[in-house]
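Structure first, commentary second.
The values are calculated or read from the model by the stated rules, or taken from the named source; none is laboratory data. The shown structure was predicted, so the numbers you read here are calculated from the model rather than taken from an experiment. Don't worry about glycine lacking a Cβ; one is built from the backbone with ideal geometry, like all the others, and counts go over all protein chains shown. Please note that ligands, DNA and RNA were not included when accessible areas were found on the heavy atoms of the full protein model with its side chains. Shrake-Rupley method; radii C 1.70, N 1.55, O 1.52, S 1.80 Å.
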Amino acid sequence: MVAATVGKETGKKPVPSADQAPDDHALQAWRILGGRNIMKAAMRSSLEAHDAISKGFDPKALFHLIENVGVLATEEALQGVLGISQRTLQRKRKVERLSSDQSSRMWRFAEILAQATNALGSQEEAERWMMEPAMGLDNRRPIDLLSTAAGAEAVEDHLTRMEYGVYI
């Protein structure tokens, strides 16, 4: 396992590589959702994420996610991936906390995006991959499968096979 250290020159942490533990995806997902600026407490493990999801995320995390992830720019993607319509999105600006279900869907998407980023090398490549049919997913677009837990699991399994170079 490769240790992530803080670079002395930039003060930034490097992006963890694909050979790191699954909980490293949790830290990356936390960053995708806004990191310390929005999420406040770090979520370095699935258990810490569980606690935060149970309480519900701050709506700022939702808006940060939408602003920083291009594949969520369409109404169809928002509805499919996060289960949120444009109209509901506007109402979320006024709530104090998102529901645990909405927070859970956001978290799962962020973890999958983190895993895809590790497997493909950049968030831009990961987003592009999500929009294209994948042979290992019966030529379905990964983004379309994220509307259900079973579909999201299929995407995660496919990404794991990609990370390990196992193509079925």
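For Val155, indicate whether it is touching a strand residue (DSSP E or B) at 6+ places or on another chain (Cβ under 9 Å) and at pLDDT 95 or above. Criteria met by Val155.
Considering region 35-58, and only residues there that are open to solvent by less than 10 Å² (accessible area, probe 1.4 Å) and in a helix (DSSP H, G or I), the residue that is nearest to Leu98 (Cα to Cα) turns out to be Ala49. Entry remark, region 122-168: residues being farther than 13 Å from Val71 by Cβ, in a loop (DSSP other than H, G, I, E, B) and over 15 Å from the mean Cα position of the chain (by Cα) number 7 in total.
The residue pairs whose first member lies in region 70-85 and is within 15 Å of Pro142 (Cα to Cα), whose second member is acidic (Asp, Glu) and surrounded by fewer than 21 Cβ atoms within 10 Å (Cβ to Cβ), and whose beta carbons are closer than 7 Å, counting only pairs six or more residues apart or on different chains, are Gly70/Glu127; Val71/Glu127; Gly80/Asp144.
Evaluated against (1) open to solvent by less than 30 Å² (accessible area, probe 1.4 Å); (2) within 23 Å of Ala49 (Cα to Cα), Asn68 falls short on exactly one condition, (1).
When each of Met135, Met131 is tested for being touching a Lys or Arg at 6+ places or on another chain (Cβ under 7 Å), surrounded by fewer than 16 Cβ atoms within 10 Å (Cβ to Cβ), more than 14 Å from Phe57 (Cα to Cα) and not aromatic (Phe, Trp, Tyr), the lone residue that passes is Met131.
Being at pLDDT 90 or above and either surrounded by 16 or more Cβ atoms within 10 Å (Cβ to Cβ) or not in a helix (DSSP H, G or I) (or both) is the requirement here; does Phe109 meet it? Yes; evaluated as a whole, the condition is true for this residue.
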